[in-house]
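Reading through the structure tokens given below for one structure.
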């Protein structure tokens, strides 16, 4: 308790609060622009933080992190463009809500879920991170392989109708992930002798191309047909929080489950917020009494996505703070930042630099509050974005997407990849292939392969340990049940549809 | 319908134009070549680190850039370009404008990338600028409760159970070469498992998935202090000043040494005056007391090698590494 107070006192100087404020706003801006992410915001500001003391420097980075993860919901809800990988599934129900004129409700729920999800994960981080991190250490290659395989089976719930199309989409994602140096032996695959392909495709141009560029192509095409719903979205009125407290209380269980998923996925190094929101969304859909309503603008979808992605922040910090192991790309950079500030990350960080670590916790909470205040007060302003004619707005967004893609590795190749995946996404939308399985396959494919190969290296080629590890076995069983269950459900639905046809005729 | 297609087409075209425009601006900076190099540097210098953030390459480079930007009186900005054992970032520098505003900061793996054919270029394709940091703490680390208390117990166990003891590496990385050298020098055989980069190695050792990790002593001292890890030895001629308790391999009868040096290199054809200016700044940085003080707790030391010395060092090591690699096949 003393340490928590000490941490807060470290952060409660006027300058530091201002720094957190600036970090949060900048993070929100980065998060809200498709193509710019929390990772990039942290990368750009890392050198700036070196000029500050360790506590101010970390305060800045925490503000950026929280802001960057939260800002993604703005374009996701208003424009159907996920600003960051963390907000992919926010588009599923957030955008349909906005189309119905309920953008205020979507924002209200999204912001509140983000805030509470973030807060919950910070509390977990402060209170029980050492034992959680120790538990995460039980995850070796076998366990990672099993968890990833399980996550891949979620594709069946994301396939919107045709399971076959969903599978093809996911496999396509895995194939795109093959391009470049293979994990483990760095053997170049599908590079066609091009140096640029040697590093493979980066997640950001793939995501932004698939979701943002293709969406914009689609809108441009539809523009001629009608000026869809544009009016409706900015005609709405926001009252108070945008939703009634009872609505949120009804979401209590969904919120809690999604946040726990966010924290858990965040803790596992390498998987991160981009996957957490999809897993939370699918779980919410599967456990819902009305899974059919998902995707039409249901509260549950927004709550699941936004609470889990912010909860993943606290999760990713658990192994960083207690063991010195980064949980995602942002925390990898924070690790570098800590070292350069002279703080050796590792099991002794908390013991040797307690005040600073608690300062980091305090900064996270403060940044979370700023995020809440800013998004709420800005809500009305964001919606004004939509009154900008699309022929001005979209070129600007596209320019930013290109800049963002280029900024990933400072390579023009990534900007071309963005265009390529934009066209791929557009073709997929036109031919009614779901996009989310592709991105899931793209993210999870390499994790699956790497851990399979590492596991086999460990066992000398023996598959048995993948089944005998208790954690791995549990996840493999869940994966098998998940596949079986979804096949069973589709069959049942088919039968019901046939029967209702018979009755009708 | 036709009109709609046209709109989409026009849109794609404008996107393409935008991309080409980006490309042009990249190309036009080539023109900087011809301009007077006497006012160098008059804009920020980009340092390409061909590895991710959080590792020792990134750390050592970022610390040096703080001082370099003071010396050169301009911003020195790090960008991480990971992939393919570092060859992607290295290649990017090779292909960038030779105007002194893009520089590579890398280490020994440049030789190994070439040996393992991850890259079709090597140090000779660059204009070398010198070194800034030397890391002699190439250590073997085990869990604190491990049965391997010294090298001899490790060698004995490996002879008893050849190919069964799990030792971590990243295929094609510097540590991979160290393991090959160790196996050859001691006549042992280990099960080499790729567990990933530095942080992932720590995770694997903490989680008990692996028996030994070869890594930089400076990256694990926190874990040694906390009683989680123990250092079996370092592959250096002498014990480190900052870690006098860790014995060398030579003391334990295994005569292998490795040094990890962090060098800077420009694309070929960068004007000599510019490289000279950068090299001079690099030398000043290594002599800066603040820089030295900042490196001390990390168990690495400042080391300036001139481009000529660096070239010679590269030549020696290339022969040495080549022999090692060939013997292991």
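Quickly run through region A:141-166 and pick out the residues that are outside any helix (DSSP H, G or I) and under 22 Å from the mean Cα position of the chain (by Cα).
The answer is A:159, A:160.
So, of the residues in region B:44-96 that are more than 13 Å from residue A:409 (Cβ to Cβ), modelled with pLDDT of 85 or more and part of a loop (DSSP other than H, G, I, E, B), which turns out to be nearest to the other protein chains (Cβ to nearest Cβ)?
B:75
Out of the residues in region B:266-325 that are within 18 Å of the chain's Cα centre (by Cα) and within 14 Å of another protein chain (Cβ to nearest Cβ), state the one that is surrounded by the most Cβ atoms within 10 Å (Cβ to Cβ).
Only one residue tops the list, namely B:300.
Only one of (1) away from chain A (no Cβ under 14 Å); (2) more than 25 Å from residue B:225 (Cα to Cα) is not met by residue B:164, so which one is it?
It is condition (1) that residue B:164 fails.
Mind counting the residues in region B:224-253 that are at the interface with another protein chain (Cβ under 9 Å from one of its Cβ atoms) and either in contact (Cβ under 8 Å) with a residue 40 or more places away in the chain or at positive phi (or both)?
Of the residues in region B:224-253, 2 are at the interface with another protein chain (Cβ under 9 Å from one of its Cβ atoms) and either in contact (Cβ under 8 Å) with a residue 40 or more places away in the chain or at positive phi (or both).
Mind listing whichever residues of region A:135-183 are over 19 Å from residue A:203 (Cα atoms), within 14 Å of chain B (Cβ to nearest Cβ) and crowded, with 17+ Cβ neighbours inside 10 Å?
Passing the criteria: A:136, A:137, A:139, A:140, A:141, A:142, A:143, A:144, A:145.
In region A:324-374, what count of residues is obtained for those that are assigned to a helix (DSSP H, G or I) and either within 14 Å of chain B (Cβ to nearest Cβ) or touching a strand residue (DSSP E or B) at 6+ places or on another chain (Cβ under 6 Å) (or both)?
Matching residues across region A:324-374 total 17.
Go through region A:393-410 and count every residue that is surrounded by fewer than 23 Cβ atoms within 10 Å (Cβ to Cβ), under 19 Å from residue B:52 (Cα atoms) and touching a residue at least 60 places away in the same chain (Cβ under 8 Å).
Total meeting the criteria: 2.
Residues of region A:379-392 being touching a residue at least 24 places away in the same chain (Cβ under 8 Å) and either surrounded by 15 or more Cβ atoms within 10 Å (Cβ to Cβ) or within 24 Å of residue A:112 (Cα to Cα) (or both), which ones?
Those that are touching a residue at least 24 places away in the same chain (Cβ under 8 Å) and either surrounded by 15 or more Cβ atoms within 10 Å (Cβ to Cβ) or within 24 Å of residue A:112 (Cα to Cα) (or both): A:379, A:380, A:382, A:383, A:384, A:385, A:386, A:390.
Identify, from the list A:446, A:395, A:437, the residue that is in a helix (DSSP H, G or I), within 15 Å of residue A:145 (Cβ to Cβ) and in contact with a helix residue (DSSP H, G or I) (Cβ under 8 Å, 6 or more places away or on another chain).
A:446
Hey, residue A:138 hits all of (1) assigned to a helix (DSSP H, G or I); (2) touching a residue at least 40 places away in the same chain (Cβ under 8 Å) but one; which does it fall short on?
(1)
The values are calculated or read from the model by the stated rules, or taken from the named source; none is laboratory data. This one's a predicted model, so the numbers in the text were calculated from it and none came from an experiment. A quick note on method: Cβ atoms are made from the backbone with ideal geometry, for glycine too, and the neighbour counts reach across all protein chains shown.
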